[in-house]
Structures are given as C-alpha cells and as structure tokens.
Amino acid sequence: MTALPSLARVPNGGTTPLGDVPRLKIDAFREAIAGGIPGGRLVSLFGMPERHDRLRLIAVLAPPGERALAVTSTEVEERYPALTVLLPQAHLFEREIAEQWGVRPEGHPWLKPVRYHRSYRPGRDAWNRRESDPLIPGFTDFFEVAGEEVHEVGVGPVHAGVIEPGHFRFQCHGERVIHLEIALGYQHRGVERSLEGGPDKRTIHRIETIAGDTAVGHALAHSQLIEALSGTEVPPRGQAIRSVALELERLANHAGDLGALSGDVGYLPAASFCGRLRGDLLNLTLLACGSRMGLGWVRPGGIGFGIDFEPETQRRISYSLPLAISDLERSFGLMRANSTVRARFEETGALPRVTCEELGIVGVAARASGLERDVRRDLPLGRYVEAPIACATWSSGDVFARARVRWEECAISSAHILETLRSLPRGVSRREPGPLEPSSFAVSLVEGWRGEICHTAVTDERGRFRRYKIVDPSFHNWMGLAMAMRDQPISDFPLCNKSFNLSYSGHDL
Amino acid sequence: MLRALVERIRQGHRTLPFPPPEDALPEGFRGRPALNPAACKDGCRACADACPTDAIRTEPALTLDLGRCLFCNECVKACPTGAIRFTSDYRMAATRREDLVVGTGKTRLAQPMDEAGRRLFARSLKLRQVSAGGSAGCELEAAALGNVVFDSGRFGIQFVASPRHADGLLVTGPVTTNMTTALEKTYDAIPSPKIVIAAGAAAISGGPFAGNPEVRDGADKVLPVDLYIPGHPPHPLTILDGVMRLLGRLRRD
C-alpha cells in the first residue's frame, strides 16, 4: 500500500500545483474513481498529452457532503480498461477521450464518436479511420431494435423550430419509443482547442459563446478559474453583482422554458405571458450591462470595466423584478390550474432518481427527480457563501416536476437578487488579475440555470493554458433525456425535450 | 378560461410599435458605433489592438466592421481620447457586406430588393431558420420576433417548420464544417426565388470563432447572402428593421 493519498482535495475555485495531483497506476485510478468515494459523482474527466506520446487522464470527483472536489490522474498509452463498466456516468467522457486522443477504453459498451472531428494526435484514431476517410456527422452504428412492427424514426439535424441542430434516432414499436439515441456534434466549433495557449483577448468572448443562453454562467466559471490561478480576490461588491447576473440569467431562461412548455401543449395564454416576461427579464440584464444576454457583465477579477450598478439601475431592478415575478407566478398558476396542461405534464418523461444518480444528471433535471444537487449550496463561492440558496426539489421526475422546480427556482432567485441589492456592499467591484500560476491545475464550478458548469485548466510552465476543459451541464444530461423517453409515446418527444432544454453548442463545444 | 381572460386583461397589451418609440432601448444598449477620428492621436492603435475580432482599422482611416464587431466595448475602454462610442441606434443591417464597415461617411442601411422580389415577399415572408454552429444567442433573439412584444407576424414575417414552405433562410452561427451539408441541403429545398439572411457576427464573419479550422467563417462562404444583420447577438429590433428594409417597407434614411 502506498502512503500517498489517491485523491487530492481542491476547493471549488481552487488550484494546486500539477505535481501535487496524484499520478496513479491505471488499476488504482479506476479503483479510486469507481469506489474511492462512495456516492461520489464524476464532475469531469479528460485527457492531456504528455511526453513520450502518453496521455494523462485527469478526473474530478464531487465527494458527497464535502466542500471540496477530489482530483486524481493516471497515464495511458493506446488503450486502457474502460471506467464506464464500473461507473456508467463516465460513458460520454470516455467517448470524448477516445475521439480527441485516439485512445481506446477497452470494454466500453458503446464507443462511438461524440463530435465527429479528427483525432488531436494525427495518426492515432480510436476507430482506425484513415485521414482520407470522410467524416460525416451522425454517421455511426446506431442501436437498432429488430422485430415485427418495429420501426425507426430519424429526426434532424435541422429541426422544425428555431433551435440548434442535432440528430435523434428513435426505435419505436407503434407510437411507443423503445430507445432513443442522440447523435450530436453538428455545432462543433473547436472551442477547447482554441483556448489553448491563452488567455488572450479572444478568450472571454469564446467562453461567453460556449452556450449563448449561458453567457453569464460560463463567464463566471472561467473568471473563477482565472482568479484561482492568479490568486485574485474579488471584492465583495463584485461578488454580489455577479450573483445578481447569474440569477437574472436563470430567471430569464426559466421563464422562457415555462412559456415554451406551455406552448408545446397548446396552452397559449401562459406561453404568451412567459415569452413576454422572459424579454422583460432579459431587459433588466440589458439595463445593467448593455446586453440582453449578459455579455460583458462578468469578467475575471469582478465585473466588466465601466459596468457598475448606478443607484438608478439598482432602483429599477428592485422595482421591476417583483412585478415580473408576480406575473410569472400568475402565469404558472394558470398552467397548474388547467387540467389539460396537467394531464400532459404529469407522468410524462419521468426520470427515476436512481437513473439520475447512475448517469450523474445535474441541475433542474436532477432536482426534479428528488436529488438535492446544487453547486450554490454544495460548493458555494462568493456571494453564495453568506447568502445560502435553498435547493428546490420535487420527487416525480416528470415534465411537471421539471416545470415546478423551475418556477420555485424563479421565486428563490428573485428573493436572492432583491436581498443582494438591498445589502449591496460598497467599494470597488473589480480587481485586475495578475499573471497565472505556471504548471498548475485549477477547477471552478458554477450552478448555471441548466445545472453544473465545470471549467478546469492546466497551465504550462509559462502560465498559459496547456489544456482547458469545459463541461456544460448538457454534457451530463443529454443521456437523461434519452432515458426519459423510454416507453413514452413518440409524440411526447418535443415536450420532454423542452422540459430538459439542453444546449447543443454547450455539448458540441 | 375565465381566469386566463382576466389575466390577459390585467397584463394588458404588450406589443411594441414598430418602428419603436425613441426610448425603447436603454441608454447603455450597445448599438451602432459612432466614430470620431478627429480625436485620434497620430499612430495610435489602442482600439485596434484591443479588438478581439480585428474589426477595427486605423489606416488609412478609422473604420469599424460591424460584421466582425462583438459590441464588447473593449475599443471604447482602450481609446484614450473617446474617438469611439456605441450609440443606442439599433438599425445596422446592410445588403452589401462592404456597407457594414462604419467610417465617418454616411451609412448605407439595407436597401429594398427589386420590384419583382418586393411583389413576391413584401407582405408575406416565411423564413426557415438554420443554426449552423450558433450558440443559441442569435437563435433566441430570432425566436423572440415571434413573441407578443416584437410580433413580426403582424408584418407577415414568420418562421416556418419546413424549407418547402419557406421564402428564405435565416442563418445563425459561424457555419461549422459539420453543419455545412445540412445547411446547403436546406437551402436547396427552398423553392426559388429565395433569400438568405446572415444574422449575427458569427454568421457574417465567424465572430469569436473566426479562423478556427472547424468553422467556415460565415454564411456567405457557402451561400449567396442578401441581408447581413450585425450583432452579438443582434437585438430583435435590429433583425426586424433589417428585414423590413429589405422588403422595402421602411422609408429610406
């Protein structure tokens, strides 16, 4: 037995010298991840090239009940025994590693490409495809169900609405969906690779465009990472305003989702009201920072230069927000009072709690299945340390639960914003970050409106990004949607999809 | 039913007139930039150096390319003499790519399409939207045209589910390699004559991802574009203004 710990503890928004991240043998690594932390959840798992053509795998776990993350690593060559067989929530991470670095996790139950791009290490391909072979997104061996009256439905990449592209392949028996397989990658823009060698003047803009509806969430995760690596302490005023930004983003998106859910079941009054309210909430963000999507509001060190709450802005938000929330409450009340809406929402797309635990589902979807899982509560940073957030949950795991949790979170976010504005600290709102610590590892988690956002970075000996890993909550949750569709009528897919409302670009990066 | 009606009456009429009143957008909104090169110091390149997407040229004269601009304000912060500022003017769309380059001369907003096109589309324009690497920012602002506030349907401008029912295509995103085929096929499926609109900095120039090998740096590298709508993302009013101008439904100014 080795005396060294197999897992290093790093706080959220914390950093550690890369040399202090344990470097285990593959067997010990698998054991540490699959059994090292009972009930532990895999937050991130990624590859980073090392010397001599080796690949380092770094894993970040969330130990339950602890206010820190656990980090460990191993080195692999061409192949290694897959973690997924021990820990199902590793399934997509391992597919990603195989695609990016041409390493094969042996025994992976469905090792397929994730984003349909060439391996980052030329000449190494997990599927032995040649450079000259065309890469066609969505071209893979889909699961097929055979039998009489079994049929297949393919949808996308281009969908009927004004939404992002992705391909859905249903195996159906009549109306009933036996299995749904989701093939994405159409939105792949090469975000992670374009961040290497940074930070530079483009970095934050790429971060804010990972998922355009989560600009604040991703900018905050990135900022916390830079602050950790540069040892920058954000002034309390900056922390407070950033939490207002994050909660306003949550409010606008949740309001929009409630409206979209209502529209999907043909209940137009609430759809119209919520559509308007979403805009009103975006306009509060516009008022504060000049952009409806919150672009430019959050920056490393605090908030964007020249953006600070004028007393007038503060007053207008404090005045308008309760009005919007009151209208939202009435709109959600209309939905709940309508028997057709209830009949369509209840028992549709139910995701059992145990499935959420196995797949590592995060955010609204996890909480709607009764899991108390919220970064703001479990690993709080900044304003959330002093102003704890209540965790809204519901037990049924269906579309209704995901709608209800959204409404409750709106009420909680609104109260948080109003309280924060009442007690807004004085003083400066930003501090310029210095250079980044070289040869270090840092991790930062934010509870975005969809769920847990994780940014991890490893710096080189000059303090530049050697590897930057992004995990959008959608990365964890797309599989949840697929599971929720099992045994459902295929006509309920749009409603189920809307109730998760996952990001394609956040997944495809 | 009664409850819904009562609530409808209580919430009232929320549709914004178009063109909107002067105060529709708050002062901090970053719309069309205004340049004052007279304030520039000799040889100063602070704004161009600060710009994340190389949208600014200082030689031979100070210009800003709206097709690349992320409206991030970095140039304003960097400028020691206040030669650049963002106004709250939401009107920015242009029919020619070169008209997106703002200098000191008169701006040329989107021009109406020809008589035959106007006769076909001016009172009813159905668009198919394709996100080709878009982050959902531009998509959400385009979708917002359908809500009760912007209500583009009152002008006959609507998004439809099938390209077969469409008169044109509204493209968002930098056009990823992985979406190129789907985008081309959607375009081909739209009956001619048809128009193409590129909405947002990414769809015009690649935006923050310009130069990445995974993207094509904008819709006009793949399709003939009839209307460019700047923004990151464009405000719904900017989109509506551009389309209305293209249809010849706004007075020229």
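Read-outs: derived from the displayed coordinates by stated rules, not from any lab. Only a predicted model underlies this, so the values are computations on that prediction, with no experimental measurement involved. A quick note on method: Cβ atoms are made from the backbone with ideal geometry, for glycine too, and the neighbour counts reach across all protein chains shown.
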Q | Estimated [θ] at 222 nm from DSSP helical runs (n ≥ 4, -39500 (n - 2.57)) normalised by residues in the protein assembly as shown, nearest 500 | A | -10500 deg cm²/dmol
Q) What is the set of long-range amide H partners of A:Val177 at a cut-off below 5 Å, with H atoms built 1.01 Å from backbone N? A) A:Asp487, A:Gln488, A:Ile490
Q. Using 7 Å Cα-to-Cβ label points, what is the B:Lys41/B:Leu5 separation (nm, one decimal)?
A. 6.9 nm
Q | In segment B:1-60, the trypsin sites (Lys or Arg not before Pro) that fall in loop regions by DSSP, at most 12 other Cβ within 10 Å | A | B:Lys41
**Q.** For B:Leu169, distant residues with modelled amide H under 5 Å away
**A.** B:Arg128, B:Ile195, B:Val196, B:Ile197
Q: Rounded, prolate or oblate: pick one for segment A:8-106, where a ≥ b ≥ c are the square roots of the eigenvalues of its C-alpha gyration tensor, a/c under 1.5 means rounded, and failing that, prolate if a/b is larger than b/c, else oblate.
A: oblate
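Work out the length of the dipole vector of segment A:8-106 about its Cα centre, built from +1 on the beta-carbon of each Lys and Arg and -1 on the beta-carbon of each Asp and Glu, and round it to the nearest 20 debye.
Dipole about the Cα centre, nearest 20: 240 debye.
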Q: Report the one residue of A:Gly13, A:Trp101, A:Gly40 whose Cα lies farthest in the direction of the positive end of the charge dipole of segment A:8-106 (charges on C-beta: Lys and Arg +1, Asp and Glu -1; origin at the Cα centre).
A: A:Gly13
Q) Among A:Thr232, A:Ala368, A:Ala482, whose Cα sits farthest toward the positive end of the charge dipole of segment A:195-500 (+1 at Cβ of Lys/Arg, -1 at Cβ of Asp/Glu, about the Cα centre)? A) A:Thr232
Q) Using a simple spin-label model with points 7 Å from Cα along the Cα→Cβ vector, what separation in nm is obtained for A:Phe305 and A:Arg9? A) 4.0 nm
Q | Residue-by-residue Karplus 3J(HN,Hα) for segment A:357-372, coefficients 6.51, -1.76, 1.60, Hz, glycine and proline x | A | 5, 5, 8, x, 5, 10, x, 3, 4, 5, 5, 6, 9, x, 8, 7
(Q) Give the residue list of chymotrypsin sites (Phe, Trp or Tyr not before Pro) in segment A:433-482 that are DSSP loop and have at most 13 other beta-carbon atoms within 10 angstrom. (A) none
Q) Does the protein assembly as shown come out rounded, prolate or oblate, given a ≥ b ≥ c as the square roots of the eigenvalues of its C-alpha gyration tensor, rounded meaning a/c under 1.5 and, failing that, prolate meaning a/b above b/c? A) rounded
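With an 8 Å Cα cut-off and a minimum separation of 6 or more residues, compute the relative contact order for chain B in percent.
21 percent
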Q. Based on the Kirkwood radius over alpha-carbon pairs, what is the Stokes-Einstein translational diffusion coefficient of chain B at 37 °C with 0.692 mPa s viscosity, in µm²/s?
A. 173 µm²/s
Q | Modelled label reach - A:Arg431, point 7 Å along Cα→Cβ, segment A:266-304 residues with backbone N closer than 15 Å | A | A:300-303
Q. Considering every Cα-Cα pair within segment A:298-381, what fraction, in whole percent, is farther apart than 17 Å?
A. 72 percent
Q. With a ≥ b ≥ c the root eigenvalues of the C-alpha gyration tensor of segment A:195-500, is it rounded (a/c under 1.5), prolate (a/b larger than b/c) or oblate?
A. oblate
Q. Each residue of segment A:154-162 in order: what ³J(HN,Hα) in whole Hz does its phi give by Karplus 6.51 cos²θ - 1.76 cosθ + 1.60, θ = phi - 60°, with x for Gly and Pro?
A. x, 10, x, x, 7, 9, 6, x, 8
Q: Could you give the DSSP H helices of chain A that reach 15 angstrom or more along their long axis (alpha carbon positions) and whose average Kyte-Doolittle hydropathy is no lower than 0.0?
A: A:215-230, A:268-289, A:399-422, A:473-484
Q.
Defining a contact as two alpha carbons under 8 Å apart and six or more residues distant in sequence, what relative contact order in percent does segment A:195-500 show?
A. 27 percent
Q. Which aspartates and glutamates have a Cα lying under 12 Å from the Cα of B:Lys221, excluding residues fewer than 8 positions away in the same chain?
A. B:Glu184
Q. Dipole of segment A:243-295 (Lys/Arg Cβ +1, Asp/Glu Cβ -1, origin at the Cα centre): which of A:Gly279, A:Leu258, A:Pro269 lies farthest to the positive side?
A. A:Gly279
Q | Nitroxide proxy distance, nm - points 7 Å out along Cα→Cβ at A:Asp133 and A:Arg176 | A | 3.7 nm
